[in-house]
1. Given 0.36 nm per residue, what is the gain on full extension from R234 to R222 after removing their alpha carbon distance, in nm?
2. In Å³ and rounded to a whole number, note down the convex hull volume per residue for the Cα atoms of the chain.
3. Using the membrane-span-like helix rule (whole DSSP H runs, Cα extent along the own axis of at least 15 Å, mean Kyte-Doolittle hydropathy at least 0.5), which helices of the chain qualify?
4. Kirkwood hydrodynamic radius for region 56-185: how many Å is it when counted over pairs of different Cα atoms?
5. Suppose R0 equals 30 Å; then what is the FRET efficiency for M164 and A260 from their Cβ-Cβ distance, rounded to the nearest 0.05?
6. Can you give me the relative contact order of region 1-154 as a percent, contacts being Cα pairs under 8 Å and 6 or more apart?
7. Any idea which of Y88, A126, S36 is furthest toward the positive side of the dipole for region 22-126, if Lys and Arg beta-carbons carry +1 and Asp and Glu beta-carbons -1?
8. How many Å² of accessible area per residue for the chain, probe 1.4 Å?
Amino acid sequence: MTSRQGSVAERSTPGDDGAWVVLPTYNEADNLVGISAAILAALPGATLLVVDDGSPDGTGALADGLASKDPRVRVCHRPAKQGLGRAYLEGFRIALAGGASAVVQMDADWSHDPAILPRLLGPVLADEADLVIGSRYVEGGGVVDWGIGRRFVSRAGSLFARTMLALTPHDLTGGFKAWRAATLAAIPFDGIHAGGYVFQIEMTYRASRAGARVREVPIVFRDRRAGQSKMSRRIIVEALLVVVQLRWDELTARLRRRRAP
């Protein structure tokens with residue numbers, strides 16, 4: 001991991017010192033410089049951690065260049081693409097070990113608007129929520145630049161998981177979230193499924209079952225500005241199967257407890 005230390009107090013805004021933004025990347029060279037600048041403009045006191053999965057397009061080297069010029073930027077280099085969930089979990093571990101008080105997760109492709117970051121992080125910093133989800137499916141939220149097929153898959157996936165797991169959030173497949181560090185640290189990372197959709201669902205499920213205060217704030221999700229989507233049919237099928245497995249495991253555990261003497 002490349003890390004640059006330094007004081008940023010003169011550039012910070014009240015409250016965002018101690019916040020970390022975890023930004024996984026794979027072939028995001030066209031997006032990284034701009035999105036990093038926008039993130040740090042929105043949260044001047046935060047630490048930006050780029051977690052690069054050995055991008056062959058040079059994203060990792062670009063991240064190192066940013067870190068050499070700005071002490072708020074840090075870089076974790078992973079040897080190869082190992083899944084979005086694993087990149088996030090490694091980033092979470094680094095942020096927690098670095099003393100983060102709050103951790104934000106977001107995409108590097110501009111589908112998550114950095115301007116929303118203060119509103120996303122605000123309820124955590126104000127001790128009003130333990131997990132805040134940037135939601136496409138509450139009033140004021142939405143999606144643009146998607147075809148009807150992708151809209152259906154996303155909405156249906158969230159509704160299926162919400163119903164199957166008896167959860168209250170409306171957007172369970174989105175990846176724009178702010179966490180209280182203590183809430184994140186209380187989730188056992190071992191055994192968390194590392195796929196895209198299923199990782200997002202399972203982390204919210206684990207937090208909710210642990211009693212976390214979960215809030216949604218509306219966001220407008222836009223398709224990526226450059227590069228190709230990492231979504232695939234395999235990721236969607238995996239998510240559906242894991243949701244069923246999570247519910248089955250919960251029901252069988254409950255049954256065993258009832259039968260125990």
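The values are calculated or read from the model by the stated rules, or taken from the named source; none is laboratory data. Fair warning: this is a prediction, and the values are worked out from it, not measured in the lab. So basically every Cβ, Gly included, is an ideal-geometry build from the backbone, and we count neighbours across all protein chains shown. Side chains included, ligands, DNA and RNA excluded: accessible areas come from the protein's heavy atoms. Shrake-Rupley method; radii C 1.70, N 1.55, O 1.52, S 1.80 Å.
1. 2.1 nm
2. In the chain, the Cα convex hull volume per residue is 127 Å³.
3. Result, helices passing both filters: 29-42, 84-97.
4. 16.7
5. 0.75
6. Values: 252 pairs, mean separation 43.2, N = 154.
Normalised by residue count, the contact order of region 1-154 is 28 percent.
7. Farthest towards the positive pole: A126.
8. Solvent-accessible surface per residue comes out at 46 Å².
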